[in-house]
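**Q** Got a structure for you, written out below as structure tokens; questions coming shortly.
Every number in this text was worked out from the coordinates using simple rules, so none of it is lab data. Source: prediction; values computed, not measured. Note that we place each Cβ from the backbone using ideal geometry, even for glycine, and neighbour counts take in every protein chain shown.
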Amino acid sequence: MRKPLVAACFALAIAGAGAAPAVAAPAAAGTGAATPKAAAPTLKAVNLAGTVALSNCSGSVVRFPSSLDTDPALVLSNGHCLSTGFPEPGEVLVNQASSRTFGLLNSSGTRVATLRASKLAYGTMTDTDVSIYQLTSTYASIKNSYGISALTVQDTHPVAGTAITVASGYWKRLYSCNIDGFVYRMKEGDWTWKDSVRYTSACQTIGGTSGSPVIDQATGKVVAVNNTGNEDGQRCTENNPCEVDANGNVTVRKGINYAQETYLIPACFKAGNQIDLNKSGCTLPKP
């Protein structure tokens, strides 16, 4: 996982000095299944509007294609960013009381408001690494008060080659690269994630970027949530995830970073932005 706080002090020195972390070698060619590449679209400038800063991580105010302006707004981050600690493998949290706060940023990264959760709608580190908080504010009230719209979560699978931006509200920093491909299974410590997104080497995310939205530069939609990277070249240990293919072959890519897809999430929310893991088409892990 991109350590929420342990790495932050060191990363602050890097970010404050304006120096970029060393760029790792790109992922080795010829490994893994070939994936169709996206056609070159017209790209848009991505900014920090709608991102949030958590106490230990990054996140974003998000909506789904079916969300209404009058619905309570949602914040997307990582399961490993929960203030209660890492969920155990197999643990799924649903509709837990929470009053957590989030610093809302505008396009230039200025904090314009403090948003508050009414509950943790969903949180897990099983199959994926995600947390979704429901806020006390609606999309309309946030837009009317601060002029900021929520980011829309794409409800279709992302495509290899897509130009993306990882937008960190914690660091007020943008990382741009491309989707290099997808990982059948990714193991890190006790946790296993399915169909993860691998970045090209240009996205050198650091501690505190956990939970950042991964934004498609062509559509402006969220296609994944940033969550980890292999820091030291170790094999399948914490902060050193490894890739496992369908045949069980393990690949380690030191310096390469990853995200968890989000296209499965909209199918698990019903009217009023309420979580419903029994809804038809919902495949997120259940308690």
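**Q** Those residues that are closer than 19 Å to TYR263 by Cα, outside any helix (DSSP H, G or I) and either charged (D, E, K, R) or touching an Asp or Glu at 6+ places or on another chain (Cβ under 6 Å) (or both), I need them from segment 66-85; list them, please.
**A** Hit for segment 66-85 is ASN78, nothing else.
**Q** If you take just the strands (runs of 3 or more DSSP E) that sit entirely in segment 122-197, which of them hold at least 3 residues that are within 13 Å of the chain's Cα centre (by Cα)?
**A** 130-138, 163-168
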